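A.B. asks: One structure follows; several queries about it will come next.
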Amino acid sequence: MRAFIFDLDGTLVDTVYAHVVAWQKTLEEAGMPIDGWRIHRRIGMSGGLFTRALAREIGRPVSAEEQGRLQRRHGELYLELLPSRRPLPGARDLLRALHEGGIPFGIATSGLHPEIDASLDALGVPADVIVIDRGDVLRAKPEPDLFLACQERMGVRLEDCYVVGDAIWDLLAARRAGMLSVGLLSGGYGQDELTQAGAFRVYRDPEDLLDSLDELGVTLPG
């Protein structure tokens, strides 16, 4: 039976641009102004990888202490900017349909509890759904650890998994995990970018994916 592993930010909830603005404000406060589009290209990485990538942008190393301080400030600003979360079109319906149809799915995100809890609540994620966050694995995307941990906890075969994500980092991690990936345009990446990163199919948003499950060999009962 086919199974799904979903990214969270930009895939199921409309949070990508709040992350961009929060990081931009954080870095400006720290005296490291960086253009928003450059930040957007890194969203989806773990916070640690993200700050190391930004160190290359500013041309100097960022200490572990400074990384921690930046990540904490980002989290504060993100919650101020987006105290409530809005599911992307069709996200709640997609998860409900899969759950009621007996199609296994889990969520694997580079975010951390409690930051992600409001998103999970907004989506109405059932209590029995496996959720893997950054704290559960040694390495985050673009490494495959998050998806492999989710697949193992779900008890499904690797070759039966579709990874659904909005960023090239999701698709690269899926490829490294040996899983097929599905790209969504809802995070701001273009169709060509997602396809070149390895997406088997690309859809507009979760609603479009729900309407197209048959293209992935998934048939819901009824």
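A.B. asks: Would you check if L54 is modelled with pLDDT of 95 or more and either farther than 17 Å from C161 by Cα or among the β-branched types (V, I, T) (or both)? Working first, answer last.
C.D. replies: Values: modelled with pLDDT of 95 or more: no; either farther than 17 Å from C161 by Cα or among the β-branched types (V, I, T) (or both): yes.
Taking the combined requirement at face value, the residue does not satisfy it.
A.B. asks: Output the qualifying pairs, or none if there are none: Cβ atoms under 7 angstrom, residues six or more apart or on different chains, first residue in segment 55-82 and assigned by TED's automatic domain parsing to the domain that holds V21 and assigned to a loop (DSSP other than H, G, I, E, B), second residue modelled with pLDDT under 90 and not small (G, A, S).
C.D. replies: What qualifies is V62/T51; V62/R52.
A.B. asks: Hey, G135 hits all of (1) in a helix (DSSP H, G or I); (2) modelled with pLDDT of 95 or more; (3) under 16 Å from the mean Cα position of the chain (by Cα) but one; which does it fall short on?
C.D. replies: (2)
A.B. asks: Further question: Yes or no: segment 148-168 includes at least one residue that is over 15 Å from L12 (Cβ atoms), out of contact with any helix residue (DSSP H, G or I) (no Cβ under 7 Å at 6 or more places or on another chain), surrounded by fewer than 18 Cβ atoms within 10 Å (Cβ to Cβ) and of a type in the set (G, A, S).
C.D. replies: Taking segment 148-168 as the starting set, the residues that turn out to be over 15 Å from L12 (Cβ atoms) are 148-149, 151-161, 168.
This time we only want the ones that are out of contact with any helix residue (DSSP H, G or I) (no Cβ under 7 Å at 6 or more places or on another chain), so: 152-157, 159-160.
Next, from what is left, pick out any that are surrounded by fewer than 18 Cβ atoms within 10 Å (Cβ to Cβ): 152-153, 155, 157, 159-160.
Checking which are of a type in the set (G, A, S) leaves us with 155.
Yes.
A.B. asks: Which one of these is assigned by TED's automatic domain parsing to the domain that holds Q151, in contact with a Cys (Cβ under 9 Å, 6 or more places away or on another chain) and without any contact (Cβ under 8 Å) to a residue 60 or more places away in the chain: V125, V131? Outline the logic, then answer.
C.D. replies: Working: V125 fails: in contact with a Cys (Cβ under 9 Å, 6 or more places away or on another chain).
Only one candidate qualifies: V131.
A.B. asks: Does at least one position in segment 160-170 carry a residue that is in a loop (DSSP other than H, G, I, E, B) and touching a Leu at 6+ places or on another chain (Cβ under 6 Å)?
C.D. replies: Step one: filter segment 160-170 for residues in a loop (DSSP other than H, G, I, E, B), giving 166-167.
The next check asks that each one be touching a Leu at 6+ places or on another chain (Cβ under 6 Å); those that pass are 166.
Yes, segment 160-170 contains a residue that is in a loop (DSSP other than H, G, I, E, B) and touching a Leu at 6+ places or on another chain (Cβ under 6 Å).
A.B. asks: Got a number for residues in segment 83-114 being outside any loop (DSSP other than H, G, I, E, B) and of a type outside the set (G, A, S)? Step through it out loud before you land on a result.
C.D. replies: The first filter runs over segment 83-114 and keeps only residues outside any loop (DSSP other than H, G, I, E, B), leaving 87, 91-100, 105-108.
Of the ones still in play, those that are also of a type outside the set (G, A, S) are 87, 92-96, 98-100, 105, 107.
Looking only at that region, the number is 11.
A.B. asks: Let me ask another. Within segment 192-210, count every residue that is surrounded by fewer than 19 Cβ atoms within 10 Å (Cβ to Cβ), in a helix (DSSP H, G or I) and either without any contact (Cβ under 8 Å) to a residue 60 or more places away in the chain or in contact with a His (Cβ under 8 Å, 6 or more places away or on another chain) (or both).
C.D. replies: The total comes to 4.
A.B. asks: If you don't mind, another one. For segment 15-35, name all the residues that are under 30 Å from L158 (Cβ atoms) and in a loop (DSSP other than H, G, I, E, B).
C.D. replies: Here is the first cut: in segment 15-35, the residues under 30 Å from L158 (Cβ atoms) are 15-16, 19.
Within segment 15-35, T15 is the sole residue that qualifies.
A.B. asks: I'd like the residue in segment 91-132 that is over 15 Å from the mean Cα position of the chain (by Cα), charged (D, E, K, R) and farther than 22 Å from S212 by Cβ and, out of all such residues, is surrounded by the fewest Cβ atoms within 10 Å (Cβ to Cβ).
C.D. replies: By that ranking, first place goes to D128.
A.B. asks: Which ones in segment 174-202 are in contact with an Asp or Glu (Cβ under 8 Å, 6 or more places away or on another chain), over 21 Å from D214 (Cα atoms) and at pLDDT 95 or above?
C.D. replies: Correct list: R176, G178.
A.B. asks: Right, something else. Filter segment 45-54 for residues that are of a type in the set (G, A, S) and in contact (Cβ under 8 Å) with a residue 24 or more places away in the chain; which is surrounded by the fewest Cβ atoms within 10 Å (Cβ to Cβ)? Even if it seems obvious, please write down each step before you answer.
C.D. replies: In the first step, residues of segment 45-54 are kept if they are of a type in the set (G, A, S); the result is 46-48, 53.
If we keep only those that are in contact (Cβ under 8 Å) with a residue 24 or more places away in the chain too, we end up with 46-48.
On the way: S46: 22, G47: 20, G48: 17.
Ranking the qualifying residues of segment 45-54, first place goes to G48.
The values are calculated or read from the model by the stated rules, or taken from the named source; none is laboratory data. Predicted model only: the values in this text are computed from it and were never measured. For neighbour counting, all protein chains shown are included, and Cβ atoms are generated from backbone atoms with ideal geometry for every residue, glycine included.
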